[in-house]
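The values are calculated or read from the model by the stated rules, or taken from the named source; none is laboratory data. Every value quoted in this text rests on a predicted model; they were computed, and no experiment measured them. Neighbour counts run over all protein chains shown; Cβ positions are idealised from the backbone, glycine included.
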Amino acid sequence: MNDPVRVSKDKDVAIITIDNPPVNAISPAVQDGIGRAIEQVNADASVKAAVLIGAGRTFIAGADINEFVKMTSGKAPRTNFLPTLLQIEDCRVPVVVAIHGNALGGGLELAQACHYRVAKPDARVGQPEVNLGIIPGAGGTQRLPRLAGVAKAVEMCTTGKPISAIDALQAGILDKLIEGDLLEGAVAFAREVAGQPAPKTRERNAKLGNAAENAATFAAARETVRKKQRGLPAPLAAIDAIEVATKLPFEKGCEEEARIFDQCLYSEQSKALIHVFFAEREVAKIPDVPKETPVLPVNSVAIVGAGTMGSAIAMVFANAGIPVTLKDSDQAALDRGLANIQKNYAISVQRGRFTQESVNERLKLIATTLRYESFADADLVIEAVFENIALKKEIFAELNSACKPGAILASNTSTLDLDEIAATTTRPESVIGTHFFSPANVMRLLELVRGKRTGKEAIATCMQLAKKIGKVAVLVRNGWGFAGNRMFMPYLTEAQFLVEEGASPEEVDKALTAWGMAMGPLAVSDLGGLDVAYRVRQERRHALKPGERETFVESKLCEMGRLGQKNGMGWYKYDEDRRASVDPEVTALVRKWSIEAGVPQRKVSADEIVDRCVYRLVNEGAQILDDGVALRAGDLDTIYVNGYGFPAFRGGPMWYADAVGLKKVSERVNEFHRQHGAIWRPAPLLEELAKLGRTFADFQREAAHAGS
Ligand code: CAA
Ligand code: NAI
């Protein structure tokens, strides 16, 4: 293997290049290499300054996260990057770090230990560790407040959001932006500062503030974290570590940071979040669609149906700079769609997410039409008309004649049979499902549905495009509800059973939100519309097994005209601002109906609510894996974390089940099976893995190796 750190010279300036593709993560080899490079610089009297730079597409994306997995599973000792950073800071000559792309986590901590920091104007810097359930562990909580001030350090370390080079310059994190060639500019800068005393960040205390100001900053930050990052200890731990920086000398601060870092790293939460990080990247790996699969250029998109989904999907493409044409069957529908888009953009401007100028640019990319003529040039067409198979088939037949050969024809259907839709065309290899989630311009998840004859090029193209438009695409096979909604239906049903057995709607929702779900299942039903769920139940009745238990309370609420948020009353009642409150009428009615139906009434505990709802997800997920609808357990976790408000800190439903232990999960599922009958039939895969003492993650590895 090539040495990931090399030293070269430009006359009197040493150039230390970190070259560890793809993102220059700091592995033990990189760490050793940096240490040796500094020794070399110290030993060479002709060197007057050094530049530290990254090769490839980015500076440094942080510590190598794989190493954390090895450490917490006992396969590697805990490494310590701190001494290497002290070595840089104590270097005989000034070290200038030159940043392009991202300087994240350990990458930014490395930069903080250098004497000067220069960057390309489009670079970004950040401390994203909290997203992995940890805190900066290489002095970041001690050096960043010394460079950027306490408030900025708190903001960066708690939110984990990177900031632009321009913001970093203003904050004092960077010393200079370099237009043009970065290395050339950094070398010139290094020559300017050569021979001058090099500032050591660890000795800069001017920005550490005073006790009274800091106390207010920390109190406000803790309050914000408790509200906005519910259930996450890492952001609070980061504040603790920064607080130490303001009270103890640097060396003591680093010791304390290391102690807090270890506490976070070895927690279940951090393991779950690291799983989420890697699972989100693994979804792109499809065994029979290798990286080299040709992709088609997508420079223009057309959408059929300017309703809720079509108009929001149009925004997604406009936001990515891709021109999009929106078609509907009449002008009034098109006008409604455009008004919807304008309203959404106006809210974004109000909230400071976009400027009016950038919204105007985006709006210019959205054209509307009532005819198919302009579809002839589209590289991708997405159908988003009513969920009706006959209508969708008609439209695909029309698209087949209107679109150029090779164009990808996608359907946004959430339940219908993609193969039946594809069969109306002469090019089923170009037909794919692009199941966006609502609101499509906000939700990150995109379920890509592979029909029997969907071609590899269409899959590879949509996978790549998803990344460009800021979505996480997960490939699933065709089948009712695909993966996400197929799992969600039993979950929602179980919530209703619990109400019928004696829990109140708010007890069910509270138990699950306290556990970490973004919304309770009954509040979700209100959001989606009780009428929508009602229709799905009617359509799915044929799939019920003889004697299988059926829910009834939600259907009765719907039949009496309670449709959910859309008419201000469903499981809850809603005010004009769509704020929910408990409706005593619902509480009384559901009790009355349940007693009339002969369901024995009892007090249901929060633990039972969580186990029953979450294990329905897990059991169906196991069946989905067995059926080959999803490739890996991690794919289901990615779907749930990004599309259904499942708490990332629990890793997704399948990871959670592995963490609980499949033996224990299976015992509980069997207990529910005895109590509630066929709906709880344990999935054979769950039983098999539990018996063998294995995990869904093991199954994931085998599936990935076996091909699809
Ligand atoms: N460690 C190990 N592998 C990493 C990595 C890291 N820090 N960052 C990215 N990778 C890997 C990815 O797993 C992926 O691998 P595959 O190609 O095998 O799937 C590859 O690098 C490319 O990553 P992306 O697909 O994410 O590429 P991108 O261009 O879309 O995004 C990025 C690049 C913005 C840097 C993104 O990868 C990212 O956010 N990385 C993680 C940043 C992070 O969390 N850093 C903190 C680490 S913890 C730390 O540093 C602790 C400390 O205090 C010492
Ligand atoms: P919608 O009812 O809001 O919009 C459908 C649009 O299609 C309307 O504007 C209608 O005028 C138009 N339309 C109907 N026939 C047409 C034709 N022949 N030619 C052109 N336009 C026509 O529906 P929504 O909610 O946007 O759903 C669209 C699709 O997305 C459905 O398949 C649905 O299952 C799916 N979906 C919906 C989600 C949601 O939360 N609303 C989530 C994920 C998928």
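Worth a mention:
- Boolean, Thr434 is within 15 Å of ligand 2 (Cβ to nearest atom), touching a Gly at 6+ places or on another chain (Cβ under 7 Å), under 28 Å from Val295 (Cα atoms) and β-branched (Val, Ile, Thr): no
- Any hit, the range 414-427, residues being at pLDDT 95 or above and either within 12 Å of ligand 2 (Cβ to nearest atom) or not assigned by TED's automatic domain parsing to the domain that holds Ser311 (or both): yes
- When Asn619 is tested against the conditions (1) closer than 23 Å to Ser270 by Cβ; (2) in a helix (DSSP H, G or I), the lone failure is (1).
- Selection from the range 329-349 of residues that are not small (Gly, Ala, Ser) and not in a helix (DSSP H, G or I): Asp330
- When Gly101, Gly105, Gly74 are checked against the criterion of being closer than 22 Å to Glu203 by Cα and small (Gly, Ala, Ser), Gly105 stands alone in meeting it.
- From Gln623, Gln601, residue being loosely packed, with under 15 Cβ neighbours inside 10 Å, touching a residue at least 60 places away in the same chain (Cβ under 8 Å) and either over 20 Å from His435 (Cβ atoms) or under 29 Å from the mean Cα position of the chain (by Cα) (or both): Gln601
- Pairs, first under 12 Å from Val474 (Cα atoms) and away from ligand 1 (no atom under 16 Å from the Cβ) in the range 421-446, second part of a strand (DSSP E or B) and of a type in the set (Lys, Arg), C-beta under 8 Å, six or more apart: Gly433/Arg450
- Test for Ala306: is it in the same structural domain as Pro439 (by TED's automatic domain parsing) and touching a residue at least 12 places away in the same chain (Cβ under 8 Å): yes
Per-residue answers, yes or no, for (1) closer than 23 Å to Cys91 by Cβ; (2) in a helix (DSSP H, G or I); (3) polar (S, T, N, Q); (4) outside the structural domain of Pro22 (by TED's automatic domain parsing):
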residue	(1), (2), (3), (4)
Leu108	yes, yes, no, no
Ala111	yes, yes, no, no
Val118	yes, no, no, no
Ile134	no, no, no, no
Ala138	yes, no, no, no
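- Of the listed requirements (1) touching a strand residue (DSSP E or B) at 6+ places or on another chain (Cβ under 8 Å); (2) within 15 Å of ligand 1 (Cβ to nearest atom), Ser27 misses just one: (1).
- Residue selection: Thr79 fails the criterion of being within 12 Å of ligand 1 (Cβ to nearest atom), polar (S, T, N, Q) and assigned to a helix (DSSP H, G or I).
- Being within 17 Å of Ala466 (Cβ to Cβ), within 16 Å of ligand 2 (Cβ to nearest atom) and at pLDDT 95 or above is not true of Ile322.
- Lone qualifier among Pro584, Pro546 - being more than 16 Å from ligand 2 (Cβ to nearest atom) and under 17 Å from Glu500 (Cα atoms): Pro584
- Candidates Ala346, Ala339, Ala333, Ala378, filtered to the one that is away from ligand 1 (no atom under 16 Å from the Cβ) and in contact with a Ser or Thr (Cβ under 7 Å, 6 or more places away or on another chain): Ala378
- Residue within the range 142-151 that is assigned to a helix (DSSP H, G or I), in contact with a Cys (Cβ under 6 Å, 6 or more places away or on another chain) and surrounded by 24 or more Cβ atoms within 10 Å (Cβ to Cβ) present: yes
- The range 288-310, subset surrounded by 20 or more Cβ atoms within 10 Å (Cβ to Cβ) and among the aliphatic types (A, V, I, L, M), residue farthest from ligand 2 (Cβ to nearest atom): Val298
- Among the helices (runs of 4 or more DSSP H) confined to the range 200-280, the ones with at least 3 residues that are within 20 Å of the chain's Cα centre (by Cα) are located at 211-228, 233-247.
- Gly455 in contact (Cβ under 8 Å) with a residue 40 or more places away in the chain and over 18 Å from the mean Cα position of the chain (by Cα): no
- Residue check, Ala103 among the small types (Gly, Ala, Ser), at pLDDT 95 or above, within 9 Å of ligand 1 (Cβ to nearest atom) and not in a helix (DSSP H, G or I): no
- Here Gly185 does not qualify as farther than 19 Å from Ala113 by Cβ and either surrounded by fewer than 19 Cβ atoms within 10 Å (Cβ to Cβ) or in contact with a helix residue (DSSP H, G or I) (Cβ under 9 Å, 6 or more places away or on another chain) (or both).
- Ala284 being under 18 Å from Gly433 (Cα atoms), in contact (Cβ under 8 Å) with a residue 40 or more places away in the chain, away from ligand 2 (no atom under 16 Å from the Cβ) and not hydroxyl-bearing (Ser, Thr, Tyr): yes
- Breaking point among (1) touching a residue at least 24 places away in the same chain (Cβ under 8 Å); (2) closer than 23 Å to His676 by Cα; (3) in contact with a helix residue (DSSP H, G or I) (Cβ under 9 Å, 6 or more places away or on another chain), for Asp531: (2)
- Once the range 370-390 is narrowed to residues that are outside any loop (DSSP other than H, G, I, E, B) and more than 28 Å from Met463 (Cβ to Cβ), the residue that is farthest from ligand 2 (Cβ to nearest atom) is Glu373.
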